[in-house]
1. Name the residues in the range 170-180 that are part of a loop (DSSP other than H, G, I, E, B) and either of a type outside the set (A, V, I, L, M) or at pLDDT below 95 (or both), would you?
2. Name the residue that is nearest to residue 86 (Cα to Cα), counting only residues in the range 30-65 that are among the basic types (Lys, Arg) and not in a loop (DSSP other than H, G, I, E, B).
3. Looking only at the range 164-201, filter to residues that are of a type in the set (Val, Ile, Thr) and surrounded by 23 or more Cβ atoms within 10 Å (Cβ to Cβ); which one of those is nearest to residue 273 (Cα to Cα)?
4. Being surrounded by 15 or more Cβ atoms within 10 Å (Cβ to Cβ) and small (Gly, Ala, Ser) is the filter here, so list the residues in the range 282-304 that pass it.
5. Name the one entry in 131, 146 that is under 26 Å from residue 92 (Cα atoms), aromatic (Phe, Trp, Tyr), in contact with a strand residue (DSSP E or B) (Cβ under 7 Å, 6 or more places away or on another chain) and surrounded by 20 or more Cβ atoms within 10 Å (Cβ to Cβ).
6. Within the range 104-129, can you find the residues that are part of a loop (DSSP other than H, G, I, E, B), at pLDDT 95 or above and under 12 Å from residue 84 (Cβ atoms)?
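The values are calculated or read from the model by the stated rules, or taken from the named source; none is laboratory data. Note that the structure is predicted; figures quoted are calculated from it, not measured. Glycine also receives a Cβ, built like all others from the backbone with ideal geometry; neighbour counts cover every protein chain displayed.
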Amino acid sequence: MMKRFSLTFVLLSTAFVVVAQNSAPSSHFVFDDRFDGDIVINEVRVPKSGEAMYTYYEALGWRGRAAGYAGIQAHPRGHIYIFSIWDHKEHTTPIRAVHRGAGTLTEKFGGEGTGLKSWNFELGWETDTWYTLVSRAWPIGEHTFYGYWVRSGKTGQWTHLVTMDVAAKEAFFKGSTDAFIEDWVNTGSKPRTTNLRGGWKRKLDGEWHAFGGGRYSVNRWDLVSGKRSFNFKTNWDGGVYSDDDGSFYFMTAGGKDTRPSADNPSQHKIKRKDTKPKYEAIKLKSAKMRLAKRGKLEVTWETDSQTLPQFGFKITAHDNSSAQGEPLFLLESVEPHARRAELPMRKGLAQAQVFVRIHCLDILGNESPVLTLNLDD
């Protein structure tokens, strides 16, 4: 019996080692933004031939006291969006979500560190379509808030997925932005490919930096005997490619026919001409005002989802339509998900004398045209 048990154990152990060496090689592209910033942007696309289940196509990764990452996944439950931030010893309270967009779920994670993870299974993404991923960090008292937005290149629509509250002061994006491709369930026989382009980072002084190049590499420690990617140690590739949409970076991991066309590591560049991102600035689609209870004015508004998402808003009221003189009141707030505000109504002031003006600031710093409201409208 002992011999039979030992033989079975050896066979099972051997089988486990073989399976454990069948992951596609994890690959990274680290861009040239070697400074702190408050906004990071990258565009990601998965070609149809590069889709593989159990793959994380990460497009934004950063270091610092609120280190984290964001991207898209081919998950058994669907095509999902991920945004996660790690805990840090300097956080005074746990990370929490202050806003969850429609379909966004959040939960604590463990394993390689701990933190808060968000994922969205409802919005979905498609192959052969570019998606813009944006994260912005901003100070709120002694804390730092992190927002995450995505734009579909097919519909042109922006979606605000989540905002997280990190209990650390001025914990901005540090160091170079990292993108990676990862097979997390040992399916290296299937090729998976990520395309990346249009990356930006905004410095803390407001200056924009276009990603002009970066370093492609494959995790060498995973390619040696006994490690997770040994059976596919030469099945990887990365560099720059072009199609009708222009030039982009690519990384391919796994696939029996995949072979390197570049060194590990290697440097790659794409020439950039724009001085700042060119997405259409925010526009207000509509706004309404009504007299609410307790003598207050309620203002609601809607932004155009095909223009840059809201970051903050400013509302003022005057007793004349030309907004001359001191305002009756002013409300200004950084609240990306807000679409409603209550304002005080001064006693003795006729409703017809109140003219409310509203405009919004988008996540990249542009202002919308002003809309003027009156209760008689």
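1. 170, 172, 175, 176, 177 - these are the residues of the range 170-180 that are part of a loop (DSSP other than H, G, I, E, B) and either of a type outside the set (A, V, I, L, M) or at pLDDT below 95 (or both).
2. 63
3. 177
4. If the condition is that a residue be surrounded by 15 or more Cβ atoms within 10 Å (Cβ to Cβ) and small (Gly, Ala, Ser), then 287 is the only one that fits.
5. On inspection, the qualifying residue turns out to be 146.
6. Result: 114, single match.
Residues are listed down the side, and each one gets a yes or a no for (1) under 20 Å from residue 87 (Cβ atoms); (2) not in a loop (DSSP other than H, G, I, E, B):
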| residue | (1), (2) |
| --- | --- |
| 139 | yes, yes |
| 145 | yes, yes |
| 150 | no, yes |
| 154 | no, no |
| 159 | no, yes |
| 164 | yes, yes |
| 168 | yes, no |
| 182 | no, yes |
| 185 | no, no |
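This table checks each residue for (1) acidic (Asp, Glu); (2) within 26 Å of residue 129 (Cα to Cα).
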{"position": "210", "(1), (2)": "no, yes"}
{"position": "215", "(1), (2)": "no, yes"}
{"position": "225", "(1), (2)": "no, no"}
{"position": "230", "(1), (2)": "no, no"}
{"position": "238", "(1), (2)": "no, yes"}
{"position": "243", "(1), (2)": "yes, yes"}
